[in-house]
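These notes are about the structure you will find just below.
What follows is calculated from the coordinates using simple rules that are stated; it is not laboratory data. Everything numeric here is computed off the predicted structure, so don't read it as measured data. Glycine also receives a Cβ, built like all others from the backbone with ideal geometry; neighbour counts cover every protein chain displayed.
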Amino acid sequence: MILEIHNLSKTYPNGVQALKDVTLTIPKGMFGLLGPNGAGKSTLMRILATLQEPDQGSIQLGDIDVIRQKEEVRQTLGYLPQEFGVYPKVSAESLLDYFAILKGITERRARKEVVEALLRQTNLWEVRRQKLGGYSGGMRQRFGVAVALLGNPKLLIVDEPTAGLDPAERVRFLNLLSELGENSVVILSTHIVEDVSELCTNMAIINKGEILLEAQPLQAVAELEGRIWRKLIEKHTLPYLEQEHQVISTKLLSGRTMVHIYSHEAPGHGFELVVPDLEDVYFSTMAGYYSASHHKVVAP
């Protein structure tokens, strides 16, 4: 199943244009939507989840028209929003059972099997009778995935899932998501570059409502080889450096500043060539120095 988004636009009543002519092809597997806060990611996710209407454009999930056939979409949709509420005094097992009924799984034995399978899949079986109010942030996120997976969705939307998780919970959560991408279209909306680099076979970078890059992460990184250079400088020299070079990122390192620049040729002056990573792709794209729009994702 492939998700096709064509010329999608959305402007809010206050005049903010959240999406500008967005076109994407999203094949089965993990797809990363990467961009800063306020880039339009959540608006796009809510439209895909049938919670908002676009001003124009079309969305096709296989043979389902997402905008016109909302009920059909909801039957095959799993959605984990950035923030979701839980009932703190209810156990995970009881609440998941309740959501399963709402999803239409009314036969008791079938529902019990589904609830158990999902709690085991999300590694919550041992704490199934614990009240949700006592869950850690990562446990709550995994419970959210269990709810989203009810009904074996063909489209799973996960919005900023690792924000606030500790490193161990983050790894556990990302491993769970990577398993889900084997059978469904899974869209991971995030501002954390590492989440995309570790998980996603396809990705897009969005800013100010526009898609700046649509590519495969490994291919996008390979395109930057020989173009990223770095140098450790004193912070006060940065303004002068920015006048001479295309600075894409700076990072504090032991009281000094590590600068990455984009250049097709050796810049000299003590710069050394860097093996690029997805963070360099992200910052180069955001700065407008790198564009690989001709490297479109090709659905299998």
Cβ-defined net charge surrounding PRO167, 14 Å radius [Lys, Arg +1; Asp, Glu -1]: -3
Structure-based [θ]222 nm, the chain - -39500 (n - 2.57) summed over DSSP H runs of at least 4, per residue, nearest 500: -9000 deg cm²/dmol
Amide N of segment 7-38 lying under 18 Å from the label point, which is placed 7 angstrom from the Cα of ARG68 along Cα→Cβ: 7-9
Total formal charge among the other residues, if their Cβ is under 13 angstrom from that of GLY78, Lys/Arg +1 and Asp/Glu -1: +2
Relative contact order for the chain, counting Cα pairs under 8 Å that sit 6 or more residues apart, in percent: 22 percent
Within the chain, percent of DSSP bridges classed antiparallel, to nearest 5: 65 percent
Gap separating the Cα centres of segment 242-294 and segment 1-59, nearest whole Å: 29 Å
Model label zone, ARG129; criterion: amide N under 17 Å from point 7 Å along Cα-to-beta-carbon; scope segment 90-118: 90-97, 116
Segment 226-274, relative contact order [Cα under 8 Å, separation at least 6], %: 54 percent
Per-residue Cβ neighbour rank within 10 angstrom, fewest leading, LEU102, LEU124: LEU102, LEU124
Rounded FRET efficiency, nearest 0.05, which uses the C-beta distance separating THR11 from ASN175 and R0 of 45 Å: 0.70
Cut-off 15 Å (backbone N to label point 7 Å along Cα→Cβ of ASN37), residues of segment 70-102: 82-83
Low-density loop positions, GluC sites (Glu not before Pro), segment 156-228 - DSSP coil, at most 13 other Cβ in 10 Å: GLU182, GLU225
Violating pairs (Cα-Cα greater than 27 angstrom) within the set LYS208/LYS251; LYS89/LYS154; LYS41/LYS70; LYS28/LYS112: LYS89/LYS154; LYS28/LYS112
Residue-count net charge about VAL145 - beta-carbon cut-off 14 Å; Lys, Arg +1, Asp, Glu -1: +1
Burial ranking of peptide ranges 8-17, 147-156, 60-69, 199-208 (average Cβ count within 10 Å, highest at the top): 199-208, 147-156, 60-69, 8-17
Estimated FRET transfer efficiency when R0 is 30 angstrom, pair GLU272-LYS20 (beta carbons, to 0.05): 0.20
Exposure proxy ranking, count of Cβ atoms within 10 Å, fewest first, for HIS260, HIS191: HIS191, HIS260
Positive-end extreme of charge dipole, the chain - chosen from LEU212, SER263, LEU176 (charges on Cβ): LEU176
